[in-house]
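Please treat every number below as a calculation from the coordinates, not as lab data. Since the model is a prediction, treat every value here as computed from it, not as a measurement. For neighbour counting, all protein chains shown are included, and Cβ atoms are generated from backbone atoms with ideal geometry for every residue, glycine included.
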Amino acid sequence: MIFDIPYMVTIVLPALLYAVPTSLLLLASSAIIGNILAVPVAAARLSRNPLLWMPAYVFILLMRGTPLLVQIYLVYYGLGQALTPEIMREFPFLRDGIWYAIFALSINTAGYSGEILRGAILAVPHGEIEAARAFGMSRWVVFHRVTLPRAIRICLPAMSSEMILLLKATALASTVTVYEVLGVAQAIRIETYRVYDTLIGAAIVYIAMVFLLTRVLNRIERYLNKDRQAMSAQAA
Amino acid sequence: MASKSDHSLWLDMAWGAEGWGDEFAYGLALTVQISLAGYAIGLALGLLGAFAKLSGRPWLRFIGDSYTTTIRALPELLLILLFYYAGTSALEKLLVHAGVASEDLQISPFVAAIASLGLIYGAYLADVLRGGIQAIPPGQIEAARAYGMHAPLRFRRIVFPQMIRYAIPGMGNQWLNITKDSALVSVIGAYELLSAGRGAATFTKEYIFYYSVTALGFLGLTIVSMVVFVRIERRANRGVRRA
């Protein structure tokens with residue numbers, strides 16, 4: 001067993017690159033679903049109504065207090081136990097592990113992002129909300145026009161690192177038979193007994209993906225903060 | 001879970017040969033052991049990493065930065081697999097070749113789990129500790145130097161006590177993360193809480209129940225850790241005026 005660079009470049013890396021779209025699909029779908037779900041989670045967590053904040057509190061605690069791998073197993077095997085064979089026959093796509101992985105990653109992201117968003121909502125300057133109320137905006141209009149957009153901007157840096165963590169978390173989907181980058185690397189490793197080429201190849205692909213995602217997120221952050229660039233330049 | 005079999009399922013959590021209770025307790029104990037040992041290695045590596053990153057020597061800074069950047073860019077599961085399958089076989093060969101170990105040396109998954117978690121968390125803790133060191137007012141270190149304190153004394157009396165205080169919240173977060181990431185080592189065959197849960201779940205086919213019990217075990221560990229860290233933080237800040 002030696003580290004065979006030509007084998008890695010010609011056989012392993014193309015196979016892994018072919019699996020990159022699956023990893024990105026996992027990332028994009030759970031990022032979108034999870035961050036959309038994070039808004040009601042954060043709003044409920046901040047509510048004064050115990051029927052709202054208590055479930056949100058427990059949900060966040062469960063998502064952040066248990067390992068993601070346990071959550072993935074619970075969703076994959078648990079739903080597999082709950083779904084009857086008739087349902088499986090009706091919806092054959094449910095046999096594919098990717099849906100369970102997306103589901104688990106989404107609710108996990110909803111918990112983590114919900115907590116980040118909660119902090120950001122609390123950091124919105126009170127005067128801005130007061131001003132919006134003084135303009136006669138209803139509570140709902142204030143929330144979706146003033147509080148939420150401001151809060152999203154405030155938590156952008158934290159959200160960016162959360163998305164990097166989510167990209168790394170997609171690797172766990174390989175444990176429920178999803179052939180994303182690590183899943184393919186593992187399949188080749190088990191088939192060929194080559195440990196160095198396959199796993200180091202996967203490491204190279206992940207480093208490249210994290211590098212590119214960081215650049216994309218920086219772009220998005222700069223775009224969303226466009227009007228503030230001039231201000232911070234003045235302040236500096 | 002609200003089915004009529006609920007009652008008998010909880011009975012299956014009994015102690016001994018008929019129940020899964022002792023398996024889960026053993027798994028939880030091993031999860032704590034693996035996390036504690038990995039965290040200890042992580043702290044040692046993290047301290048070295050923090051000093052390397054803050055060093056005046058460019059090559060040391062380069063090593064420190066490459067260590068933390070590479071580890072933090074890779075999925076923890078991949079790193080654990082990499083250490084276990086590639087790292088241990090290379091290490092075994094090296095040790096046997098050097099004549100330190102006998103031919104049949106085999107590094108156990110338990111040891112590989114601790115080593116890999118330590119190596120991963122060393123990178124995360126390096127950044128936490130570096131932040132703690134940087135939060136110390138530079139005037140204090142200058143003053144210590146002016147008093148003629150040599151580097152080890154300066155570290156022991158001035159840098160370390162304050163660094164720890166600043167770093168405690170971050171260290172607490174990393175402890176919570178390592179207890180959760182320790183579940184990943186079940187993939188390389190090290191026995192811990194999730195292995196116990198998977199054993200019970202696949203044997204009985206009661207996946208929902210046993211994975212929920214597993215989750216509750218980790219949740220309990222998280223809640224206890226949070227309480228302990230709040231106490232530690234309060235004690236560390238006992239001499240500091242609150243803003």
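What helices does chain B hold that run 18 Å or longer along their axis, going by alpha-carbon atoms, with a Kyte-Doolittle average of 0.0 or more, using DSSP H for the helix calls? It would help to have the intermediate numbers written out before the result.
On the way: long enough: B:21-53 (46 Å, 1.12); B:58-73 (22 Å, -0.14); B:109-134 (37 Å, 1.18); B:160-181 (28 Å, -0.32); B:207-236 (43 Å, 1.17).
Counting only whole DSSP H runs, the qualifying helices are B:21-53, B:109-134, B:207-236.
Each listed q (0.09, 0.10, 0.11 Å⁻¹) maps to a log10 I(q)/I(0) for the range A:5-235, found by the Debye formula over equal Cα scatterers with no solvent: -0.49, -0.59, -0.69.
With contributions of -39500 (n - 2.57) from each DSSP H run of at least four residues, the per-residue ellipticity at 222 nm computed over chain B stands at -23500 deg cm²/dmol. Peptide B:179-191 is shielded by partner chain Cβ atoms: per residue, an average of 3 of them sit within 10 Å of its Cβ.
One compactness figure for the range B:124-220 is 1.73, namely its Cα radius of gyration divided by 2.2 N^0.38 Å.
Exposed loop sites, defined as GluC sites (Glu not before Pro) outside DSSP H, G, I, E and B with at most 16 other Cβ atoms within 10 Å, are absent from the longest region of chain B, namely B:104-243. Between A:R48 and B:F62, the C-beta separation translates, for a Förster distance of 56 Å, into a calculated FRET efficiency of about 0.60. Cross-link partners of B:K53 among lysines, defined as those whose alpha carbon lies under 25 angstrom from its own and excluding same-chain residues fewer than eight positions apart: A:K168.
Translational D (Stokes-Einstein, µm²/s) of the range A:151-236 at 25 °C and 0.890 mPa s when Rh comes from the Kirkwood sum over C-alpha pairs? Walk me through the numbers before you get to the answer.
Numbers: Rh = 15.2 Å.
Rounded to a whole number, D works out at 161 µm²/s.
When you filter the chymotrypsin sites (Phe, Trp or Tyr not before Pro) in the range A:1-106 for DSSP loop state and at most 16 other Cβ atoms inside 10 Å of their Cβ, you are left with A:F3.
Using a cutoff of 8 angstrom between alpha carbon atoms and counting only pairs six or more residues apart, the relative contact order for chain A works out to 32 percent. Across the range A:11-19, computed HN-Hα scalar couplings (Karplus, 6.51 cos²θ - 1.76 cosθ + 1.60, θ = phi - 60°) run 9, 6, 4, x, 5, 5, 4, 5, 8 Hz from first to last residue, x flagging Gly and Pro.
Go through the range B:41-82 and name the chymotrypsin sites (Phe, Trp or Tyr not before Pro) that are in a DSSP coil and have 14 or fewer other Cβ atoms within 10 Å of their Cβ. Working shown, then result.
On the way: sites: B:F51, B:W59, B:F62, B:Y67; in loops: none.
Hits after loop and neighbour filter: nothing returned.
Per residue, chain A reaches -25500 deg cm²/dmol at 222 nm when only DSSP H runs of four or more residues are counted, each adding -39500 (n - 2.57). The local environment of A:A110, defined by Cβ-Cβ distances under 13 Å, has a net charge of +1 under the rule Lys, Arg +1 and Asp, Glu -1.
Could you tally the net charge around A:L27, taking each other residue with its Cβ under 11 Å from the Cβ of A:L27, Lys/Arg +1 and Asp/Glu -1? Write down the numbers at each step before the final one.
On the way: positive: A:K168; negative: A:E180.
Here the charged neighbours net out to 0.
Enclosing the Cα atoms of the range B:204-243 in their convex hull gives a volume equal to 49 cubic angstrom per residue.
In chain A, the longest principal axis of the Cα atoms and the axis of helix A:97-123 are about 30 degrees apart.
The modelled label-to-label distance for the pair B:L94/B:S108, using points 7 Å beyond Cα in the direction of Cβ, is 2.2 nm. One quarter of the surface of the convex hull around the alpha-carbon atoms of chain B equals 18.6 nm², the direction-averaged projected area. Taking trypsin sites (Lys or Arg not before Pro) across the range B:114-218, the ones in a DSSP loop with at most 14 further Cβ atoms lying within 10 angstrom of their Cβ are B:K205. Annotation: lysines with alpha-carbon distance below 28 angstrom to B:K205 (same-chain offsets under eight excluded): B:K4, B:K180.
Contact order for chain B, expressed relative to its length and based on alpha carbon pairs under 8 Å spaced 6+ residues apart, stands at 27 percent.
Ratio of alpha-carbon Rg to the 2.2 N^0.38 Å globular estimate for the protein assembly as shown, to two decimals, please. Don't skip to the answer; put the middle values down first.
Values: Rg = 24.5 Å, N = 479, 2.2 N^0.38 = 23.0 Å.
Ratio of Rg to 2.2 N^0.38 Å for the protein assembly as shown: 1.07.
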